[in-house]
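The values are calculated or read from the model by the stated rules, or taken from the named source; none is laboratory data. From a predicted model like this one, the values you see are computed outputs, not experimental measurements. Reconstructed Cβ throughout: ideal geometry from the backbone, glycine too, with neighbour counts over all protein chains shown. Note: accessible area is taken over every heavy atom of the protein model, side chains too, but ligands, DNA and RNA are not part of it. Shrake-Rupley method; radii C 1.70, N 1.55, O 1.52, S 1.80 Å.
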Amino acid sequence: MIFQTLLLSLFFCSCLCEDETNILYTRIDGRVKLECEGENPSWKFKANESSIEFNDVVLGDDVVAEGNKLTLKSMKETELGVYACFDADENLLEQFDVVLAFRVKRLPASISVDVGESTKGHLKCVSVADNNVLFRWFKRTEGDEDAPLVPICGIENDNCLTSEEPQPEEVKDKKATTTAKPFMERISIANGEEEGYITSTLTIDNAQYEDRDVYVCHLISIEHKDDIDYDCSADFCDETESLLRVKDPLAALWPFIGIVAEVVVLCLVIFICERRKKDEDKDDLDDDRYTGNNVSSNNSLRQRK
């Protein structure tokens with residue numbers, strides 16, 4: 001009987017603790033506003049639920065306390081944790097567990113592949129906070145941040161709401177390669193898992209010069225999977241992008257060849273000039289010898305007379 005009573009007490013306490021903790025989902029650089037039921041409370045923080053002691057919240061330009069509200073203007077990863085408000089007698093009034101809703105691992109600013117090669121997993125989008133999400137891939141023209149995002153659809157795991165493929169005008173005014181297959185026949189999207197988090201990898205096989213574009217990955221909360229027009233700055237969406245550079249594998253060789261060619265031409269010019277100079281010196285020497293012979297002949301004739 002005592003054991004059952006103890007279990008019921010523990011269950012009641014755990015439920016009470018859960019009820020006292022408000023869970024707030026946010027994202028890195030997001031804005032969080034906490035409101036306490038008391039008046040002019042003091043705010044404290046601890047990194048997680050398992051920590052015992054609270055520490056005073058350090059106020060500043062990005063962390064502001066006004067009345068019964070605490071505002072974190074730009075959430076940082078180190079600021080994630082449990083916030084609590086206390087009255088003047090240090091009694092706990094309310095606590096909030098601020099956790100990361102979801103976040104996408106940033107792609108490198110740019111990646112480079114040789115023409116004809118594969119991107120080999122360089123375009124990998126990773127969710128580092130929550131797996132209750134889906135991925136969508138887009139592309140846009142390099143150098144124009146206001147250019148519309150073109151969804152990459154029509155292949156497996158694209159999570160698109162439409163099956164439309166990118167239009168041909170996307171690659172106009174670019175260096176075209178006629179021997180490669182169309183873009184949609186050279187790409188694939190593979191879902192996977194990495195360190196407990198889901199991933200989406202866009203692979204482009206036999207990369208061509210016209211594939212050079214900015215590739216954008218959207219990480220979207222599963223509750224908003226049917227949204228067509230949305231702003232990815234919202235709390236239910238995060239994005240990352242990378243510029244794909246397709247380069248000539250012999251590009252570094254051409255300057256060297258140019259330098260060698262210049263040296264060869266210079267050597268030829270020097271050789272020809274030296275050769276002409278030697279020929280001219282030889283002709284002058286022959287003329288001098290001919291003149292000298294004539295003078296000797298004239299002197300001999302005078303002596304005979």
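Determine if the stretch 216-237 includes at least one residue that is touching a Ser or Thr at 6+ places or on another chain (Cβ under 6 Å) and not in a loop (DSSP other than H, G, I, E, B).
Here is the first cut: in the stretch 216-237, the ones touching a Ser or Thr at 6+ places or on another chain (Cβ under 6 Å) are 217, 219, 236.
This time we only want the ones that are not in a loop (DSSP other than H, G, I, E, B), so: 217, 219.
So far as the stretch 216-237 goes, yes, one or more of its residues are touching a Ser or Thr at 6+ places or on another chain (Cβ under 6 Å) and not in a loop (DSSP other than H, G, I, E, B).
For the stretch 208-251, which positions are over 30 Å from Ala180 (Cβ atoms), crowded, with 19+ Cβ neighbours inside 10 Å and among the acidic types (Asp, Glu)?
Within the stretch 208-251, Asp238 is the sole residue that qualifies.
Can you pull out every residue in the stretch 32-45 that is in a strand (DSSP E or B) and either open to solvent by 20 Å² or more (accessible area, probe 1.4 Å) or closer than 14 Å to Asp87 by Cα (or both)? Steps first, please.
Step one: of the stretch 32-45, the residues in a strand (DSSP E or B) are 32-35, 42-45.
Once the filter is applied, which keeps residues that are in a strand (DSSP E or B) and either open to solvent by 20 Å² or more (accessible area, probe 1.4 Å) or closer than 14 Å to Asp87 by Cα (or both), the stretch 32-45 yields Lys33, Glu35, Ser42, Trp43, Lys44, Phe45.
Is it the case that the stretch 141-164 has a residue that's modelled with pLDDT under 65, open to solvent by less than 30 Å² (accessible area, probe 1.4 Å) and on the phi < 0 side of the Ramachandran plot?
No: zero hits.
Going by what's in this entry, would Ile198 be described as modelled with pLDDT of 90 or more, of a type in the set (A, V, I, L, M) and outside any strand (DSSP E or B)?
Spelling it out, it is not the case that Ile198 is modelled with pLDDT of 90 or more, of a type in the set (A, V, I, L, M) and outside any strand (DSSP E or B).
Which pairs have Cβ atoms under 7 Å, sit 6 or more apart or on different chains, and link a residue in the stretch 210-222 that is acidic (Asp, Glu) to one that is open to solvent by less than 10 Å² (accessible area, probe 1.4 Å)?
Asp211/Ile204; Asp211/Leu244; Asp213/Lys139; Asp213/Leu244
When the stretch 86-102 is examined, which residues are found to be open to solvent by less than 30 Å² (accessible area, probe 1.4 Å) and either closer than 14 Å to Asn55 by Cβ or not in a strand (DSSP E or B) (or both)?
Once the filter is applied, which keeps residues that are open to solvent by less than 30 Å² (accessible area, probe 1.4 Å) and either closer than 14 Å to Asn55 by Cβ or not in a strand (DSSP E or B) (or both), the stretch 86-102 yields Phe86, Gln95, Ala101, Phe102.
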